[in-house]
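Working notes, beginning with the structure itself.
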Amino acid sequence: MAERSFAKEVKLLRQGAGSELHVEGILAVTKALLQSGVSYVGGYQGAPISHLMDVLSDAKEILDELDVYFENSASEATAAAMLAASVHYPMRGAVAFKSTVGLNVASDALANLASGGVKGGALVILGEDYGEGSSIMQERSHAFAMKSQMWLLDPRPNITAIVDAVQKGFELSEASNTPVMLDIRLRSNHLHGSFIAEDNKRPQMTVTEAVENPKRDLSRIVLPPASFLHEHEKISQRWPAAVEYIRKNKMNEFFDGEAEDIGIIVQGGLYNTLNRGLELLGCSDAFGNTKVPMYVMNVTYPVIDQEVIDFCSGKKAVLLLEEGQPDYIEQNINSILRKAASDTALHGKDFLPMAGEYQTHVIVKGLATFLGQYRPELISSTPSLLLPADNPSSPFAPRVDAKQVQARPPGLCTGCPERPIFSAMKLAEREIGQEHHVSADIGCHLFAINEPFNLGATTMGYGLGSAGASALNAQGADRSTVAVMGDGGFWHNGLTSGVGNAVFNKNDQVLVIVDNAYAAATGGQDVLSTSTKSSTRSTQHPIEKAVRGVGVKWVKTVTNTYEIGKLRDVFINAFTTDAPGPKVIIAQSECMLNKERRDKPARAQAIKSGKRVVRQRFGVDAETCTGDHACIRVSGCPSLTIKDNPDPMRTDPVATVIDSCVGCGVCGANAHAASLCPSFYRTDVVINPNLADRILGSVRSAWITMLSSTVERRAMKYEVAA
Amino acid sequence: MSSWESGRRPITIAILAMGGEGGGVLSNWMVALGESSGYTAQSTSVAGVAQRTGATVYYVELYPDSYPAGKGSARQEPILSVFPTPGQVDVVIASELMEAGRALQRGFSTPDRTTLIASTNRVYSVTEKMELGDGRVDVESLLASAKAGSKLLIAADFGRLAQTAGSVISASLFGAFAGSGVLPVPRENFEETIRESGKGIERSLAAFSLGFTAAQEAAALAEAEKAHPKRPSGPGPVRLTIGMRPPQDPEAEAAEAEAKRHHELAISNPRSLVGPHLERRMDRVSQFPEAARSMVVHGCVRTAVFQSPEYTDLYLERAERFIGFDRARDDDQAELTLEAARHIALWMAYQDTIQVALQKVRAHRLEGVRKEAKAGEGQLTQVREYLHPQIDEIADTLPTSLGRWLSNSAFMEKIVGKVTRSGMIVNTTSVFGFSTLRILASMRPMRPRSLRYGREQLAIEAWLDTAIDVAQVDYELACGVVKAARVLKGYGQTLSHGNESFGKLMAVVPSLLGREEAAKTFNSLIQEALKDEDGVALDQALERLALSQVS
């Protein structure tokens, strides 16, 4: 069950021709797929494209009606390999995943796919994770397009342009027998805008028809000698066919401007930012009426030589806006211009930064340099961001004491079942007096790298937590290494790349598998070991069984991570045992976000219908708390925070539990396991009490009143009642 | 003039929030509102890891349809940006005060253009929460920066307003956005947007309304202030121990008022602040400097409830030792006596098992717990304590000889350790649980014969002697020595680390005495001791100090 439901939004997917849809980017892409007559769709979730997978899941009914096959692939490699269905059959297929990590995983399949080429349109939709808010290493997808020769579309951040790119992408793929990558930039995925819909189309051929009429063409299979021919074919046939389609269909755009002797070449994805930059300098308006001629590359690979030459002819200089490095396009255009003996000067990374996201202020500065050199009279206004930072009118003038604004990196949610795992690990380390090398993985548990846990040294990729510790397998060492892996990463590849590898190579590592029942970091998608039943997929396959299946002998499954004491003891056991081979600890508790989403409505319903419900939350006695915050240092829960000390004598803030507490019990368990302090308590409020509750309640209340009266009487001698 | 400068440009709105706070809902409302009110709307956000409580930015542009594309335009629909541009943001909405600071830091909020709508509530960062002392950033400075860094600052606790209405902050902030008047759209359109969005409409509208009013009031106040700038008032004679909070916080306001009342009564009529058995002792309070009297009264009550009126006499005797030093000074702050009165009482009323048990069974405590859990009148509520008495803590409460035997016995340690390793959960609201804690609390008369009592009194005397000795030479350093007791906090391991740090601090005092800036150095050492639990920061600071002394 994914984090966000699109059940309401997917109804829009049924809208027919002519209706105007106001939607998010991901929904527009889905609609465009249906309008293109796609036969099958797959993919693997990951920001910023997770929600595309969730939309498709929620749209199952509509997909079924149109005979479109959909699956949640096991990995990006699986998704890419799925496109093999378009090799022999005239079926349009699309897969989606996160770039560039997804491309890394998928590149074997994509290289093979691109070698043989495709008959039906094959579209790889990339959720580009580059720039502010990205969670991965910063690299370009462009390299993958070049190395395997797949075309790369980079549409403007505009819903209509994105929808158009999907439909043209399929046609381009078919026209050139080449898979096409559609790059949707980080902010475009959640871009909200509108477009005019068309009718959905049934696929030209359904997967059922393909299965029932098997075909194969030896020349399309990647096997010598065909594979040698493929390389030549790419250059002699597919490339020219692509260029022809792109030019004929005007996929790239040209805009005239009064300053004919200069020009700007821009990646489609940067077009809006460029226009804003020109607006700020007084060189364009909100409708793109630019004073500087512009060539917008909505297709960034291949670069069309003739278009570049035509655009540059008669210009003394052009500026290229190309985000990221290396500067592949700049090198390419330089080579084109040189071969054409053009004397147009090409500027790019000399005026703009080589690395990093091209946000508006970056582009404005680059434009100002370029125009300042060639046509300074065009600049009719100077935005404040061009002022030096020491000018008080600059937006970057220091306006706040830097110490007052601290970094706020993402962390584990309130009630997260992973928090106690790391608390327990820390406590176990403290008890045996040994720290460990911790090899981390991708997933929510990666947040343990930050305060307050500070656990984790490297992260090598999804599912590679165990493999990342494989070299550190010293037989003579006095301790083992620790590896962490999530259930998402485990099923993605960790079972083989990590667990199997550790068994095979007799690695003594302690491997913690965080089993929260979903791929929680990507938005709570189901995995094989998801604890709840699913009507559309086969779930409830325990991780322990899989691990034992590949030969692990030492496996301990802890079914409730909130029992920190117990978990700590399991860690101590794993750290100190002499058993050879990997020690696998499967730490299970359901992702609290998902659980709450399911339980909350049920609880509200139960209360409404008069059923007995116990509402739990934790609290801290401000009087007993001495304000040392030890509890926070082993937890970091967002609901466990601090407040002014209500005691007029004490000065330091006390710990407090705020209303967002979901009553998971970690703070209490921590207080117990770490012998922290006696300030923690749990309150159980009984809603709709039954008779037994009421009788017990009144007996207790009478007893307490009686016993406490002597306490209060004594205190009254010294205190004045508040 | 460029089209941008002439106003043919979108209204730009940046929302700085933390993942999961409803920034998405807020930007969706803005888009829907814009589309129904004559604007072309676009919003973007950065999903990904930002959703898990991390800081994140949502960005909305609303382009007025009253400026359509001209004939033969390159595009027919306006080209909107996906990034907020520093210096070009019309409205910044910050769901929390430090996020408002971030908006300033990133250049989104600027004095020439931006209406900054900032919720003054704080969601503390992990770094702020982790420190052993008070790691919170300065709210006053953030607010002052926000005021200086915006054209109009609309600051109110929109989180609390939303809570009052049983809704979430996105609704009250949407109200504030409407109330700010930046978007020339009637209030009804805003409310209609909420109505059409579906869930929790009534509560959202209530929160919207509160936010709307608060914003209008805040805006009016800011305008008035701009017209008649107030001179900053100097610090009054009342020294408050609670942290300065924005004045909107009713809890902080009440605490401030109570502190003021207590301070005044402690001077005019201290007897009214204590129970009948302490009244006579209040006559001794008048010999203290006025600034310290409120604290002395608190200390008297604290020590009496902790042990006995005779114990209070001991407390007064100890505190009185400092009076002379302040009498000789010409400022009326009486810092040394005030801090001595504070820390002597806190140390004397140390948190042992008996004291904790007493705190747990007090009537006002149980009432507070019910209130916090939002339990209705008569609603059944159970309170369970998470306790884990350690062998040392048990030994500490026993009579000296018995306690010493217990803490030295390996056998007993094993037995007690087994029982207490995983702690115990006591239901205070049950007959058995309450009785147990009540019996523990009633062990108070045994306390003066306990192992810990003897140890603490010796330590207190030694500390006070040091402070008095230092005070003869260096008043400021003596204040530091008194305040060093602040590092004695926590339970179990935390407390023993605190004890270690305290020992190190006391040990360094003689070498500082007579040196220039001794107090400043010593106070910074106290800060270091509060930085981490294992004393690494303090050790490093001491090492640096030793080096500087050699050279």
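The values are calculated or read from the model by the stated rules, or taken from the named source; none is laboratory data. None of these values were measured; they are calculated from a predicted model. Positions of Cβ are backbone-derived with ideal geometry, glycine not excepted, and every protein chain shown enters the neighbour counts. Heavy atoms of the whole protein, side chains included, go into the accessibility calculation; ligands, DNA and RNA do not. Shrake-Rupley method; radii C 1.70, N 1.55, O 1.52, S 1.80 Å.
Structure above, values below:
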{"quantity": "Solvent-accessible surface (1.4 angstrom probe) belonging to A:Ile658, in square angstrom, nearest 10", "calculated": "70 Å²"}
{"quantity": "Total charge dipole magnitude, chain B, about the Cα centre, Cβ charges on Lys, Arg, Asp, Glu only, Debye to nearest 20", "calculated": "1060 debye"}
{"quantity": "For the stretch B:353-451, Kirkwood radius (reciprocal of mean inverse C-alpha pair distance, Å)", "calculated": "14.9 Å"}
{"quantity": "Added length on full extension, which subtracts the Cα-Cα distance from 0.36 nm per residue, A:Val711 to A:Asn213", "calculated": "170.5 nm"}
{"quantity": "Å² of accessible area per residue within chain A, as computed with a 1.4 Å probe and no ligands counted", "calculated": "37 Å²"}
{"quantity": "Nearest-10 value in Å² for the accessible area of A:Cys413, using the 1.4 Å probe", "calculated": "30 Å²"}
{"quantity": "Acute angle (nearest 10 degrees) that the helix A:360-374 long axis makes with the longest principal axis of chain A, alpha-carbon atoms", "calculated": "30 degrees"}
{"quantity": "Leading residue at positive end of dipole, the stretch A:1-48 (Cβ point charges), from A:Val38, A:His22, A:Pro48", "calculated": "A:Val38"}
{"quantity": "Two-decimal ratio, the stretch A:419-594, of alpha-carbon radius of gyration to 2.2 N^0.38 Å", "calculated": "0.94"}
{"quantity": "Student exercise, the stretch A:560-642 dipole from Lys, Arg, Asp, Glu Cβ charges, in Debye to nearest 20", "calculated": "720 debye"}
{"quantity": "Virtual spin-label span in nm between B:Glu253 and B:Ser272, 7 Å along Cα→Cβ", "calculated": "2.3 nm"}
{"quantity": "Principal-axis tilt of helix B:187-196 within chain B, Cα atoms, nearest 10 degrees", "calculated": "80 degrees"}
{"quantity": "Cα Rg, Dmax (largest Cα-Cα span) when computed across the stretch B:40-99, Å", "calculated": "15.1, 47"}
{"quantity": "DSSP bridge orientation in chain A - percent antiparallel, rounded to nearest 5", "calculated": "30 percent"}
{"quantity": "Positive-end residue, chain B charge dipole about Cα centroid, Cβ charges, pick of B:Leu358, B:Ala459, B:Met130", "calculated": "B:Leu358"}
{"quantity": "Lys/Arg +1, Asp/Glu -1 at C-beta; chain A dipole; positive extreme among A:Ala81, A:Leu110, A:Ala521", "calculated": "A:Ala521"}
{"quantity": "Nearest-10 value in Å² for the accessible area of A:Ser194, using the 1.4 Å probe", "calculated": "30 Å²"}
{"quantity": "Surface share of carbon and sulfur [accessible, 1.4 angstrom probe, percent] for the protein assembly as shown", "calculated": "55 percent"}
{"quantity": "At least 40 Å² accessible surface lost relative to isolated chain, residues of the stretch A:169-207 (1.4 Å probe)", "calculated": "A:Arg187, A:His190, A:Leu191, A:His192"}
{"quantity": "Prolate/oblate/rounded label for the stretch A:610-716 (Cα gyration tensor, a/c 1.5)", "calculated": "oblate"}
{"quantity": "Of every Cα-Cα pair in the stretch A:9-248, the percent that sits beyond 32 Å", "calculated": "14 percent"}
{"quantity": "With eigenvalues of the C-alpha gyration tensor scaled by 5 and rooted, the stretch B:243-349, Å", "calculated": "22, 18, 13"}
{"quantity": "C-alpha center-to-center spacing [the stretch B:384-429, the stretch B:163-184] in angstrom", "calculated": "53 Å"}
{"quantity": "Viscosity 1.002 mPa s, temperature 20 °C, Stokes-Einstein D of the protein assembly as shown from Kirkwood C-alpha radius, µm²/s", "calculated": "63 µm²/s"}
{"quantity": "Calculated log₁₀ intensity ratio I(q)/I(0) where the Debye formula runs over C-alpha points of chain A, q = 0.12 Å⁻¹", "calculated": "-1.35"}
{"quantity": "Computed log₁₀ I(q)/I(0) - Debye formula, equal Cα scatterers, no solvent, the stretch A:253-386, q 0.14, 0.17 Å⁻¹", "calculated": "-0.55, -0.84"}
{"quantity": "DSSP-defined antiparallel bridges as percent of all bridges, the stretch A:9-248, nearest 5", "calculated": "20 percent"}
{"quantity": "Where A:Trp491, B:Trp29, B:Trp405 fall by accessible area, highest first, once all protein chains stay in place (1.4 Å)", "calculated": "B:Trp405, A:Trp491, B:Trp29"}
{"quantity": "Extension reserve of the B:Ser548-B:Arg329 stretch, reckoned as 0.36 nm per residue once the Cα distance is removed", "calculated": "75.6 nm"}
{"quantity": "Potential extension, A:Gln138-A:Ala317 segment - 0.36 nm per residue separation minus Cα distance", "calculated": "61.4 nm"}
{"quantity": "Using a Förster distance of 56 Å, the FRET efficiency for B:Glu516-B:Leu458 (Cβ separation, nearest 0.05)", "calculated": "0.95"}
{"quantity": "Total charge dipole magnitude, the stretch A:253-386, about the Cα centre, Cβ charges on Lys, Arg, Asp, Glu only, Debye to nearest 20", "calculated": "280 debye"}
{"quantity": "Kirkwood Rh and Cα Rg combined as Rg/Rh, chain B", "calculated": "1.06"}
{"quantity": "Dimensionless Rg/Rh of the stretch A:287-348 - Kirkwood Rh, Rg from C-alpha atoms", "calculated": "0.94"}
{"quantity": "DSSP beta bridge pairing in the stretch B:11-227, given as percent antiparallel to the nearest 5", "calculated": "55 percent"}
{"quantity": "Estimated FRET transfer efficiency when R0 is 41 angstrom, pair A:Lys545-A:Trp239 (beta carbons, to 0.05)", "calculated": "0.25"}
{"quantity": "FRET efficiency, 1/(1 + (r/R0)^6) with R0 60 Å, evaluated for A:Glu260 and A:Arg430 via beta carbons", "calculated": "0.25"}
{"quantity": "Solvent-accessible area buried by B and A, counting both chains, probe 1.4 angstrom, square angstrom", "calculated": "12500 Å²"}
{"quantity": "Solvent-accessible area per residue for the stretch B:308-445 (1.4 angstrom probe, square angstrom)", "calculated": "45 Å²"}
{"quantity": "Angle in degrees between helix B:23-36 and the longest Cα principal axis of chain B, rounded to the nearest 10", "calculated": "20 degrees"}
